[in-house]
Amino acid sequence: MIETPIRGIVFDLDGVLIQSAPSHRAAFEQVFERYGIDDFVYAPYAGRRTSDVVAEVLKRRGRTVTAESITEIAREKSRVARELLEASRPISMGAESTLAELAAEYRLALASSGSGPSVDAFLKLTGSRSLFSSVLSGEDVAAAKPDPEIYVRSAEKLGLSAEECLVVEDAAAGIAAARAAGCRVVAIAGTCSEPVLREAGADSVISNLRELVAFLSPGGAQPVDPAGWTAVIPAAGRGTRLDFSRAKILYPLGGRLILDWLLDFLLPNCASLVFVLSPDGAAEVIAALEQRIPGRFAVVIQESPTGMGDAVALALPQVRTRRIAVVWGDQVALRSASVAACMRLHQGPLQPDLTCPTVLRANPYIHFDRDAAGRLIGLRQAREGDAMPATGESDTGFFCFETVALRRLLDRLRSGNAALGTVTREFNLLPVIPLAAQQEVVLTPRVMRLEETVGVNTSQDAAAVEAFLGSSHGR
């Protein structure tokens, strides 16, 4: 019998994408202690809806319960759990990169017994809402796990049959729900032991999310199709702050030029490259390009430093491919694997207009604002005088666009009131991201390490980047 190919992956949240069991356990214990229950054991209730757990525990203790009291206790438990989770932020190791890698090949769904606010908090923290084609919380279904409703509805929202869906679970109740829905199940050991998970009906048991990628793609990820991509590299800057009198892209770093580091991750993934250069630095850069990649590049001149949006707009007439990868000309620490992961995601089934990988950083120069549900709604820039948070979500200096979408977005931005920075008066690229999020499909995966995103502007930046490139993590 030929097994139906897997086309969709449905993730449980707690214990799978977020290691929330300690917080949920502590929250239940705190709330139940107020009612004289000091021997609560969490494991048998893992994966079940909070209100169902409250009702069952109280009834087993012979307590008189009403719908109102159950709702009140469940609400208090959820509030305590959210506070504990917000303080610890226990995202499962590899969760963010795993979601991005799998979304490049499969339709993803999130199916949690948790509350809507808890699900939204995860999506906001990780910037992953746009990676999921379906999101359901315990508040969206009438019957909680082990009832199969949430998995039946998830498959329906993905437009797939249950047989085409793989569920990723950590608890017996969730496994029972998935099996009853007709889905296959991979379980992650931790909340429950491997024997318990297998007895509950798991087809396979793994120890972490990274094993899930290998389980689903034993031959490795599909490669990027270079024929569909052009790289645009705004590189008109000079190395003044580096005490360098030539074009910054020719600055030596780790025994090589910045240009050479950029070519390492661009050439395998892009058929052609367009460099935006300044008039005084162009001749020397063109000579270096002719020596390295003759016939694979074009050059446009930005007469004055009027912003990255202007630089990219100048390059667009040279682009003949469906997709564009934009990378700042000093982002040399980007790893080839990270760049390829973003490009695979962009050319995958979600069909985005824009893919902007992000990172969380302290004292950010750039910050993307999101609403309570995790949707991107705004941009703050320190250089434009905006008030910045202590920790923010920033771009990485690397972006993927559909070419027609980029042309449309730049035209809309240029015709709007926010085309120029309020302080710099430059036509920048970053404002197209919240603009795109209003009407287009925008993905913001977390696939890059913070060290990859350091631009080389000062000697301190150069030293940090050289150390990273020379480490075992740098390539």
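The values are calculated or read from the model by the stated rules, or taken from the named source; none is laboratory data. What you are looking at is a predicted structure, and each value in this text was computed from that prediction instead of being measured. Because the Cβ atoms are built from the backbone with ideal geometry, glycine has one as well, and the counts that use them run over all protein chains shown.
Considering only residues in the stretch 6-32 that are in a loop (DSSP other than H, G, I, E, B) and small (G, A, S), the one that is modelled with the lowest pLDDT turns out to be S20. Go through the residues of the stretch 264-276 one by one and say whether even a single one is among the acidic types (D, E) and surrounded by 15 or more Cβ atoms within 10 Å (Cβ to Cβ). Yes, that holds for at least one residue.
From the list E105, E96, E101, which one is in the same structural domain as E139 (by TED's automatic domain parsing), in contact (Cβ under 8 Å) with a residue 12 or more places away in the chain and not in a helix (DSSP H, G or I)? Quick ask: steps written out before the conclusion?
Numbers: E96 fails: not in a helix (DSSP H, G or I); E101 fails: not in a helix (DSSP H, G or I).
Only one candidate passes the filter, namely E105.
Annotation for the stretch 138-148: at least one member residue is in contact with a Lys or Arg (Cβ under 6 Å, 6 or more places away or on another chain), in contact (Cβ under 8 Å) with a residue 12 or more places away in the chain, hydrophobic (A, V, I, L, M, F, W, C) and farther than 23 Å from L345 by Cβ.
Each row is one residue, and each column tells you yes or no for (1) in contact with a strand residue (DSSP E or B) (Cβ under 9 Å, 6 or more places away or on another chain); (2) among the small types (G, A, S); (3) without any contact (Cβ under 8 Å) to a residue 60 or more places away in the chain.
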site: R335; (1), (2), (3): no, no, no
site: C342; (1), (2), (3): yes, no, no
site: L345; (1), (2), (3): yes, no, no
site: P349; (1), (2), (3): yes, no, no
site: D353; (1), (2), (3): yes, no, no
site: C356; (1), (2), (3): yes, no, no
site: R375; (1), (2), (3): no, no, no
site: D411; (1), (2), (3): no, no, yes
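When the stretch 386-421 is limited to residues that are farther than 23 Å from R344 by Cα and in contact with a Gly (Cβ under 9 Å, 6 or more places away or on another chain), the one that is modelled with the highest pLDDT turns out to be L410. In the stretch 247-276, the residues that are touching a residue at least 60 places away in the same chain (Cβ under 8 Å) and within 27 Å of Q222 (Cβ to Cβ) form Cβ pairs under 6 Å with partners that are outside any helix (DSSP H, G or I) and small (G, A, S), at six or more places apart or across chains, as follows: L266/A231. Note on the stretch 210-224: among residues that are among the aliphatic types (A, V, I, L, M) and not in a loop (DSSP other than H, G, I, E, B), the one that is surrounded by the fewest Cβ atoms within 10 Å (Cβ to Cβ) is A214. Looking only at the stretch 326-335, residues that are surrounded by fewer than 22 Cβ atoms within 10 Å (Cβ to Cβ) and not in a loop (DSSP other than H, G, I, E, B) come to 0 in all. The set of residues in the stretch 124-153 that are more than 16 Å from V447 (Cα to Cα), surrounded by fewer than 23 Cβ atoms within 10 Å (Cβ to Cβ) and of a type in the set (S, T, Y) comprises S133, S134, S137. Residues of the stretch 105-112 include none that is over 22 Å from V441 (Cβ atoms) and of a type in the set (D, E).
Yes or no: A436 surrounded by fewer than 21 Cβ atoms within 10 Å (Cβ to Cβ) and among the hydrophobic types (A, V, I, L, M, F, W, C)?
Values: surrounded by fewer than 21 Cβ atoms within 10 Å (Cβ to Cβ): no; among the hydrophobic types (A, V, I, L, M, F, W, C): yes.
Against the criterion (surrounded by fewer than 21 Cβ atoms within 10 Å (Cβ to Cβ) and among the hydrophobic types (A, V, I, L, M, F, W, C)), A436 does not qualify.
Applying the selection to the stretch 405-431, what residues are aliphatic (A, V, I, L, M) and within 12 Å of D310 (Cβ to Cβ)?
Start the filter on the stretch 405-431 by keeping residues that are aliphatic (A, V, I, L, M), which leaves 405-406, 409-410, 413, 418-420, 423, 429-430.
L410, L413, A419, L420, L429, listed by residue number.
Does E452 meet the test of being part of a helix (DSSP H, G or I), within 21 Å of the chain's Cα centre (by Cα) and closer than 22 Å to A337 by Cα?
Yes; evaluated as a whole, the condition is true for this residue.
Residues in the stretch 432-449 that are in contact with a helix residue (DSSP H, G or I) (Cβ under 8 Å, 6 or more places away or on another chain) and either part of a loop (DSSP other than H, G, I, E, B) or closer than 28 Å to P305 by Cβ (or both): V432, L435, A436, E440, V441, V442, T444, P445, R446, V447, M448, R449.
So which residues in the stretch 33-76 are modelled with pLDDT of 85 or more, crowded, with 16+ Cβ neighbours inside 10 Å and part of a helix (DSSP H, G or I)? Passing the criteria: T50, S51, D52, V53, V54, A55, V57, L58, I70, I73, A74, E76. The combined condition, being crowded, with 21+ Cβ neighbours inside 10 Å and at negative phi, is not fulfilled by V423. Look at (1) touching a residue at least 12 places away in the same chain (Cβ under 8 Å); (2) in a loop (DSSP other than H, G, I, E, B) and you find that E3 fails only one, number (1).
Of the strands (runs of 3 or more DSSP E) contained entirely in the stretch 336-397, not one carries at least 3 residues that are among the acidic types (D, E). Applying the condition of being of a type in the set (G, A, S) and within 28 Å of the chain's Cα centre (by Cα) to the stretch 277-312 and asking which residue is surrounded by the fewest Cβ atoms within 10 Å (Cβ to Cβ) yields G307.
On the stretch given as the stretch 336-346, residues that are crowded, with 23+ Cβ neighbours inside 10 Å and touching a helix residue (DSSP H, G or I) at 6+ places or on another chain (Cβ under 7 Å) total 2.
Of all strands (runs of 3 or more DSSP E) completely enclosed by the stretch 164-209, which ones contain at least 2 residues that are touching a residue at least 24 places away in the same chain (Cβ under 8 Å) and closer than 20 Å to E105 by Cβ? Counting at least 2 such residues, we get 165-169, 184-188.
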